[in-house]
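Notes follow once the structure below has been shown.
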Amino acid sequence: MVGDVRTLDKRRGEIQRMFSAVAPRYDLLNRLLSARRDVAWRRAAAKALAIEPGAPALDVCCGTGDQALAVQPLGARVFAADFSLTMLGLARRKFQQADFPAPSALAGDSLQLPFATGHFAGLTVSFGIRNVEDLSAGLREMRRVLAPDGRVAILEVATPTQPLL
């Protein structure tokens, strides 16, 4: 414990257990904690990829799939990967209800992604990078699967510095 803030145990198993526990309330928590701004932020992140229709895009740490669904209408072939099977199950349910070709959801750890080197034209991570056990290794792995001219959009939150917020 550092002051009043507990440090997050970023071991793989602990992160998986945490996300399995919060999965049913994850979307609600995102909407509440961001005052629903997360929806617009995800659209902006998707647009920032400037991805060509038909190009492959990857959403790492996809959670319940909201970022993958924000990228999909741009015409990309979207893949969504998460190592929490509970979160991935919720994402797959959402993808089945999509009005456009559903993203492909698969189990995948950001430290060892099951994709070829240089495969993706775009890559997103939304509200998950802070939970990667080894940030440097995770970023290297994401770079590995990204095409040389690919683009990355990362969304993350920070603790507000103003006490009222």
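The values are calculated or read from the model by the stated rules, or taken from the named source; none is laboratory data. Keep in mind that what you see is a predicted model, and the values were worked out from it rather than measured. Counting neighbours? That spans all protein chains shown, and the Cβs are built from the backbone with ideal geometry, glycine included. Protein only, heavy atoms only, side chains kept; ligands, DNA and RNA dropped before computing areas. Shrake-Rupley method; radii C 1.70, N 1.55, O 1.52, S 1.80 Å.
Figure note: K94, K47 ranked by solvent-accessible area, largest first, 1.4 Å probe, ligands and nucleic acids not counted: K47, K94.
Remark: segment 26-165 carries 53 Å² of accessible area per residue (probe radius 1.4 Å; ligands, DNA and RNA excluded). Give me the net charge of S126's neighbourhood, meaning all other residues with Cβ under 9 Å from the Cβ of S126; Lys, Arg count +1, Asp, Glu -1. Net of charged neighbours comes to -3. Computed with a 1.4 Å probe on the full set of protein chains, the accessible area for R77 sits at about 120 Å².
For the chain, what % of the accessible area comes from carbon and sulfur atoms, probe 1.4 Å?
Details: 5330 of 9500 Å².
Answer for the chain: carbon and sulfur cover 56 percent of the accessible area.
In terms of its C-alpha gyration tensor, segment 82-165 has an oblate overall shape, because the principal axis ratio a/c (a ≥ b ≥ c, square roots of the eigenvalues) is not below 1.5 and a/b does not outweigh b/c. Note on the chain: semi-axes of the ellipsoid equivalent to its C-alpha gyration tensor, largest first and rounded to whole Å, are 25, 18, 16.
With an 8 Å Cα cut-off and a minimum separation of 6 or more residues, compute the relative contact order for segment 16-165 in percent. Write down the numbers at each step before the final one.
Values: 275 pairs, mean separation 35.0, N = 150.
Result for segment 16-165 is 23 percent.
So if we plug the beta-carbon distance of V22 and R151 into 1/(1 + (r/R0)^6) with R0 = 30 Å, what FRET efficiency do we get, rounded to 0.05?
Details: r = 29 Å, r/R0 = 0.98.
Calculated value: 0.55.
Mean residue ellipticity at 222 nm, helices only, the chain: -10500 deg cm²/dmol; runs of at least 4 DSSP H residues each add -39,500 (n - 2.57), and the sum is divided by the number of residues. Here the simple spin-label model places points 7 Å from the Cα toward Cβ, and for R31 and K47 these points are separated by 2.2 nm.
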